[in-house]
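Below is one structure, written out as structure tokens, with a few remarks after it.
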Amino acid sequence: MSEAKNSEIGEPIDRPSIYRTLLIAFVIWSAHFAISYAGVLVFPDAGIARIIAIGAGLIAIAALLGQVLRLRAPRSPLALGSLGLAGAGVIFGTFPAIVG
């Protein structure tokens, strides 16, 4: 049985790179939330918690943008949607630290 490593034929959901992108987007979003929440739990009512949340947010957005740039053309709408959703989650998760 021969496997075509780089030939991604079929529907977008059937391709392994789409699953990988979905997983990476969720992991980045989850890591950002865990780090931000841990910062607030360890340093309650302190400015360092805001710095941790904003720093984690910037790193998470940079990682998501790096994933967008790594996607090969043609880019799947499903992969871009998952990265966009994760990006929105990171931004809205960091927003309370900025205004609070």
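The values are calculated or read from the model by the stated rules, or taken from the named source; none is laboratory data. Fair warning: this is a prediction, and the values are worked out from it, not measured in the lab. All Cβ positions, even for glycine, are placed from backbone atoms using ideal geometry, and neighbour counts span all protein chains on display.
Key figures
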quantity	calculated
Selection within the stretch 5-19 - in a helix (DSSP H, G or I), at pLDDT 65 or above, of a type outside the set (A, V, I, L, M, F, W, C) and surrounded by 13 or more Cβ atoms within 10 Å (Cβ to Cβ)	Ser17, Tyr19
In the stretch 83-100, the residues that are more than 11 Å from the chain's Cα centre (by Cα) and among the aliphatic types (A, V, I, L, M)	Ala97, Ile98, Val99
Cβ-Cβ under 6 Å pairs, at least 6 apart or on other chains, the stretch 14-39 side farther than 19 Å from Ile61 by Cβ, far side assigned to a helix (DSSP H, G or I) and not basic (Lys, Arg)	Ile18/Pro12; Ile18/Leu78; Ile18/Ala79
Qualifying positions in the stretch 83-100 - loosely packed, with under 11 Cβ neighbours inside 10 Å, assigned to a helix (DSSP H, G or I) and either touching a helix residue (DSSP H, G or I) at 6+ places or on another chain (Cβ under 6 Å) or at pLDDT below 90 (or both)	Val99
Residue in the stretch 85-99 that is more than 14 Å from Ile28 (Cα to Cα), touching a residue at least 24 places away in the same chain (Cβ under 8 Å) and β-branched (Val, Ile, Thr) present	yes
Total residues in the stretch 53-77, condition exposed (fewer than 13 other Cβ atoms within 10 Å of the Cβ), part of a helix (DSSP H, G or I) and either in contact (Cβ under 8 Å) with a residue 40 or more places away in the chain or over 14 Å from the mean Cα position of the chain (by Cα) (or both)	1
For Leu80: the one exception among (1) more than 14 Å from Ile28 (Cα to Cα); (2) assigned to a helix (DSSP H, G or I); (3) more than 12 Å from the chain's Cα centre (by Cα)	(3)
